[in-house]
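The values are calculated or read from the model by the stated rules, or taken from the named source; none is laboratory data. The model shown is predicted, which means the values in this text are computed figures rather than measured ones. Cβ placement follows ideal geometry from the backbone for every residue including glycine, while neighbour counts extend to all protein chains displayed. Ligands, DNA and RNA are stripped out before the accessible areas are found, and what is left, the full protein with its side chains, is counted by its heavy atoms. Shrake-Rupley method; radii C 1.70, N 1.55, O 1.52, S 1.80 Å.
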Amino acid sequence: MTAETSLKVRVGIPYRTRKEELKNEREPYERYLAAAKAAGAEAVEISLGLPAAELAQKVRDLDAFVLPGSPADVHPSLFKATVHPNCSISDPCRESTDFAVLAHAFKEQKPVLAICYGTQSLNVFLGGTLVQDIPSEIKTAIQHPWTGHEGPEPHHQIALEPKSRLAQLAAAGEMRVNSSHHQSVLAPGKNLRIVAHAPDGVVEAVEWTGDSNWVTGVQWHPERMVANDRFAQALFAEFVTAARKAAVHS
């Protein structure tokens, strides 16, 4: 066994919202921790209430990051847009934490797996813009949001770009994924390549092309699929493998 395969990497995961953290509402958040652990990593919780200096120290000791989903929305002022009537409330603590994590991860070439809100945060951090409300801004019969989380979780097909990381993981050009988002990438941020679309054109995934660092954002929720979905398992496994490689060579 090599050092690269035996190393236990430490994956930092910010809380979904400051409100959930303060109320100790952990059930959705625990899924991200469990998925990272199942892929062989040590999951490390990142509070959204850390002072800047303490947060900077904490992220220095971590090897990679998962940016989770959230019921909040990135504030439109961060991508120079007016607030849409259907835009959800923002979480400044989550925004500042994500941006600090991303600044560190890009500087030190530490892998990032961004999920749903995390993808939108990643895109805005890199100068991109967002569709603020898919149901009112895009004419589509596809159910992207999971309103109130009532009834079965929506699923739909996505088309994967050839030769993308996700297409290679899926070993297919199309996959079926779950869906619970009302926002999506509009204009991609600097050095982000759009690598997946829903049939209605909604952006479903992005990949970083600026250097060799492993940074991937998906709009679906692999942490909720990972128990019985090979594509979700492969995504977390490759993320942890990339984190292990980056840690060994740092």
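Brief remarks on what is shown
- Charge-dipole axis of the chain as Lys and Arg at +1 and Asp and Glu at -1 on Cβ define it, positive-most pick from 203, 123, 240: 240
- Cleavage-rule hits (trypsin sites (Lys or Arg not before Pro)) in the stretch 173-250: DSSP loop, at most 15 neighbouring Cβ within 10 angstrom: 190
- Residue-normalised accessible area of the chain, expressed per residue, 1.4 Å probe, Å²: 45
- Other-chain or far-sequence residues with amide H under 5 Å of residue 90's (modelled H): 73
- Charge dipole magnitude, Cβ of K and R +1, D and E -1 - the stretch 21-147, Cα centre, debye nearest 20: 240
- Per-peptide average of other Cβ atoms within 10 Å, ordering 64-73, 110-119, 147-156, 51-60 highest first: 110-119, 64-73, 51-60, 147-156
- When the alpha carbon coordinates of the chain are projected onto the principal axes, the ranges are 51, 42, 35 Å, largest first.
- Note on the chain: antiparallel DSSP beta bridges, both residues inside, total approximately 55 percent of the bridges counted.
- In nm, spacing of pseudo-spin labels at residue 248 and residue 61 (7 Å Cα→C-beta vector): 2.5
- For the residues 238, 20, a 1.4 Å probe over the protein chains yields an accessible-area ranking, largest first, of 238, 20.
- The stretch 62-150: mean projected area of Cα convex hull, nm²: 6.7
- Relative contact order [Cα under 8 Å, 6+ residues apart], the stretch 1-156, whole percent: 24
- Carbon-plus-sulfur accessible fraction, the chain (probe radius 1.4 Å, protein heavy atoms only): 52%.
- Share of pairwise Cα separations in the stretch 1-147, more than 22 Å, in percent: 42
- The lysine pair tally for the chain, using Cα distances under 23 Å and a gap of 8 or more places or different chains, is 21.
- The modelled label-to-label distance between residue 19 and residue 163, using points 7 Å beyond Cα along the C-beta direction, is 4.5 nm.
- In the chain, the DSSP-assigned H stretches of four residues or longer account for a calculated mean residue ellipticity at 222 nm of -10000 deg cm²/dmol, using -39500 (n - 2.57) per stretch and the full residue count as denominator.
- Within the stretch 64-112, the trypsin sites (Lys or Arg not before Pro) that combine a DSSP coil assignment with at most 11 other C-beta atoms in a 10 angstrom radius are 80.
- Taking label points 7 Å from Cα along the Cα-to-Cβ direction, residue 174 and residue 138 give a separation of 1.7 nm.
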